Amino acid sequence: MTIIPTPLADCIVIVPRVFNDDRGYFYESFNEKAFTEATGKTVHFVQDNQSFSARGVLRGLHLQKGEYAQSKLVRVVQGEVLDVAVDLRKASATYGQHYAAKLSAENHHQLFIPKGFAHGFIVLSENAIFQYKCDNYYNKQSESGLHYADPALDINWELNADELIVNDKDKELPFLKDAADFGF
């Protein structure tokens, strides 16, 4: 695997080694030992999640607060998404900044998002199957997030506003300037 640092500390792109032949391809999507050796991070994933979404569906920007904060390792199994991580660690030099990466079934790239970040994605292809590993269990009382259209974040979601499909809950998330302390 190849590790590509992002401008946000501890948030990294992982490019797995893919073996292609006339039958298709094979790659190891996760190996804890290889991950630890390549990143220097010890992360024990306890939950895998998967979503299916149509073009224009925007999910995010989500996070879990407090003792239920989660690191995530995300990837796309079908289609293409623009994946976004926002650094919410108050002591970080990149607090309030975001990083966006295109993840697809073709490029096999993965994004590691550490605790202390909000996360979201938008589907750019006709549809997408999105998978992510979490190092902590989901807790409804700890869910939180940021508004996807926060002008302070200035995220280019790559689709026009009239193409976005956002649920009501995500439309009501606060802007960074109005958000309560997330505890990071």
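The values are calculated or read from the model by the stated rules, or taken from the named source; none is laboratory data. No experiment lies behind these values; they were computed from the predicted model shown. For neighbour counting, all protein chains shown are included, and Cβ atoms are generated from backbone atoms with ideal geometry for every residue, glycine included.
Do the conditions hold for residue 101, that is, is it under 30 Å from residue 20 (Cβ atoms) and either touching a residue at least 24 places away in the same chain (Cβ under 8 Å) or surrounded by 14 or more Cβ atoms within 10 Å (Cβ to Cβ) (or both)? The answer is yes for residue 101.
Taking the criterion of being touching a residue at least 60 places away in the same chain (Cβ under 8 Å) and over 13 Å from the mean Cα position of the chain (by Cα), would at least one residue in the stretch 78-86 satisfy it? Among the residues of the stretch 78-86, not one is touching a residue at least 60 places away in the same chain (Cβ under 8 Å) and over 13 Å from the mean Cα position of the chain (by Cα), which makes the answer no. Annotation: residue 12 fulfils all but one of (1) touching a Pro at 6+ places or on another chain (Cβ under 7 Å); (2) surrounded by fewer than 18 Cβ atoms within 10 Å (Cβ to Cβ); the unmet one is (2). Looking at 70, 131, 78, can you tell me which residue is surrounded by fewer than 20 Cβ atoms within 10 Å (Cβ to Cβ), of a type in the set (S, T, N, Q), at pLDDT 95 or above and more than 17 Å from residue 15 (Cβ to Cβ)? Checking each option against the conditions leaves just 78. Number of residues in the stretch 165-182 that are surrounded by 14 or more Cβ atoms within 10 Å (Cβ to Cβ) and in a loop (DSSP other than H, G, I, E, B) equals 4.
Within the stretch 95-125, the set of residues being more than 18 Å from residue 157 (Cβ to Cβ) and touching a Ser or Thr at 6+ places or on another chain (Cβ under 9 Å) comprises 105, 108, 110, 112, 114, 115, 116.
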